[in-house]
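Data block below; observations after.
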Amino acid sequence: MQLEELKLRNFRNYKDADVHFSDGVNVLLGQNAQGKTNLLEAIYALALTKSHRTTTNRDLINWKENHAQLWGRVKKNHTTTELELDFGKNGKRAKVNHIEQPKLSSYVGQLNVILFAPEDLSIVKGSPQVRRHFMDMEFGQMSNRYLYNTTQYRRILKQRNAYLRELLLHRQSDMVYLDVLSDQLSAYAAEIIFQRIQLIAKLQKWSQAIHAEISQQKETLRFKYVTSLKKTDLTSVEQIYQSLLAKFKANRDKEVKQGTTIFGPHRDDLHFIVNGKDVATFGSQGQQRTAALSTKLAEIDLMKEETGEYPVLLLDDVLSELDESRQTHLLTAIQDRVQTFLTTTSMSGVASNLINNPKTFHIEKGVIVSE
């Protein structure tokens, strides 16, 4: 999969830009605050209909304008797809080959991307919320079913939490309606949890080999999905569904007193275990970075396995955070395999000898000039 061309209109500090990319490594070169990360953000948004830096559409629009537009031409499986995304004050519109998509779940997956930025090290050492977001964003690209289930789950969760608050404040008393919401939430939750477990197992398979190589066979990485359910309750979607229903029934009074839903995939976590120990708690910074890098590189292979296409890789100033050994493993892994966009202020300190025929773009004040 390659992004062949990208057009930006009124996006961040880009007034009007039209860029043609190489199917190999594209180096975005420039000083800070010139628009390098904005360009990566545009590619990410074109793929996922949302930014990785803000939840407010207004932030994406040039301050003098009322809307921003992204257009891209994607090549995959010997076919070409045109994507269009419009951000306005009243929301966003997405089109595939000029046809508006009423559901974003039918749009996401047309262009698959993996973003690796310095803050992604927090996948390992950050909060559980960061890791849940990581799972939902990556797995949602690989599976329309997963994306649909998470969208519906969030909708029902919002309704259930609102009703629990009403019960807490004695504005409502109908427990039958709470049971209906619990049943609906459990159905979507069971699908999400079961699919997470399956995809985490596949991700672990790919990441273990990479991690062993980076650590020179000294370390073993595995993932542990942490949930409120017992391991014996995770054997099937139906088993998870029944177990969650039982949880909600047994803890009804507790949830009403707290006014919120205390069980489900929105409370689950993913732990990274190196040589039998949780690397977030007991690992060194080097071990944490190796685990994060191994996981990101493993995503490339998992996405290929699940979708039949390699994703587009976005590296936002991440090389400056990696030592020479980890840079070497990263650049060797992507060479001649994955279309890559790499931002940097300078090629010095980068193992540039490992990048074959990069196409360089100089970016200054929202103007892009290719060499």
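Just checking, which of 36, 92, 75, 15 is in contact (Cβ under 8 Å) with a residue 40 or more places away in the chain, in contact with a Ser or Thr (Cβ under 7 Å, 6 or more places away or on another chain), open to solvent by 60 Å² or more (accessible area, probe 1.4 Å) and basic (Lys, Arg)? The match here is 92. Of all the listed residues (324, 255), the sole one being open to solvent by 40 Å² or more (accessible area, probe 1.4 Å) and out of contact with any Phe, Trp or Tyr (no Cβ under 6 Å at 6 or more places or on another chain) is 324.
Scanning the stretch 46-69 for residues that are part of a loop (DSSP other than H, G, I, E, B) and farther than 13 Å from residue 93 by Cα yields 51, 52, 53, 54, 55, 56, 62, 63, 64, 65, 66. Test residue 297 against the stated conditions and say whether it is assigned to a strand (DSSP E or B) and touching a residue at least 12 places away in the same chain (Cβ under 8 Å). Criteria not met by residue 297. Selection within the stretch 39-71: residues that are of a type in the set (Phe, Trp, Tyr) and surrounded by fewer than 18 Cβ atoms within 10 Å (Cβ to Cβ). The member of this set that is modelled with the lowest pLDDT is 63.
If a residue counts only when it is open to solvent by 50 Å² or more (accessible area, probe 1.4 Å), which helices (runs of 4 or more DSSP H) contained entirely in the stretch 122-211 have at least 2 such residues?
By residue number, 128-142, 144-168.
All of 28, 8 fail the test of being touching a residue at least 24 places away in the same chain (Cβ under 8 Å), outside any helix (DSSP H, G or I) and within 24 Å of residue 333 (Cα to Cα), apart from 28. So is residue 22 hydroxyl-bearing (Ser, Thr, Tyr), modelled with pLDDT of 90 or more and either in contact with a helix residue (DSSP H, G or I) (Cβ under 6 Å, 6 or more places away or on another chain) or not in a helix (DSSP H, G or I) (or both) or not? Criteria met by residue 22.
One residue stands out in the stretch 31-45 among those that are aliphatic (A, V, I, L, M) and assigned to a helix (DSSP H, G or I): the one that is nearest to the chain's Cα centre (by Cα), namely 45. Assessment of the stretch 334-351 against the conditions (of a type outside the set (Gly, Ala, Ser) and either assigned to a helix (DSSP H, G or I) or without any contact (Cβ under 8 Å) to a residue 12 or more places away in the chain (or both)) yields at least one matching residue.
Going through (1) crowded, with 18+ Cβ neighbours inside 10 Å; (2) within 23 Å of residue 124 (Cβ to Cβ) one by one, residue 264 falls short only on (2). For the stretch 87-101, filtered to residues that are in contact with a strand residue (DSSP E or B) (Cβ under 8 Å, 6 or more places away or on another chain) and not charged (D, E, K, R), the residue that is modelled with the lowest pLDDT is 88.
Residue check: residue 74 meets all listed conditions (1) at pLDDT 95 or above; (2) of a type in the set (Val, Ile, Thr); (3) touching a helix residue (DSSP H, G or I) at 6+ places or on another chain (Cβ under 6 Å) but one, namely (3).
The set of residues in the stretch 106-121 that are in a helix (DSSP H, G or I) and either touching a Lys or Arg at 6+ places or on another chain (Cβ under 9 Å) or aliphatic (A, V, I, L, M) (or both) comprises 120, 121.
Does the stretch 110-119 contain at least one residue that is touching a helix residue (DSSP H, G or I) at 6+ places or on another chain (Cβ under 7 Å) and open to solvent by 70 Å² or more (accessible area, probe 1.4 Å)? Within the stretch 110-119 (the criterion being touching a helix residue (DSSP H, G or I) at 6+ places or on another chain (Cβ under 7 Å) and open to solvent by 70 Å² or more (accessible area, probe 1.4 Å)), the answer is no, since none of the residues qualifies. Answer yes if at least one residue in the stretch 295-305 is touching a helix residue (DSSP H, G or I) at 6+ places or on another chain (Cβ under 8 Å) and surrounded by fewer than 16 Cβ atoms within 10 Å (Cβ to Cβ), and no otherwise. Yes; the residues of the stretch 295-305 include at least one that is touching a helix residue (DSSP H, G or I) at 6+ places or on another chain (Cβ under 8 Å) and surrounded by fewer than 16 Cβ atoms within 10 Å (Cβ to Cβ).
The values are calculated or read from the model by the stated rules, or taken from the named source; none is laboratory data. Computed from a predicted structure; not experimentally measured. Neighbour counts are summed over all protein chains in view; Cβ atoms, including those assigned to glycine, are modelled from backbone coordinates with ideal geometry. Accessible surface is based on the protein model in full, side chains and every heavy atom, while ligands, DNA and RNA are left aside. Shrake-Rupley method; radii C 1.70, N 1.55, O 1.52, S 1.80 Å.
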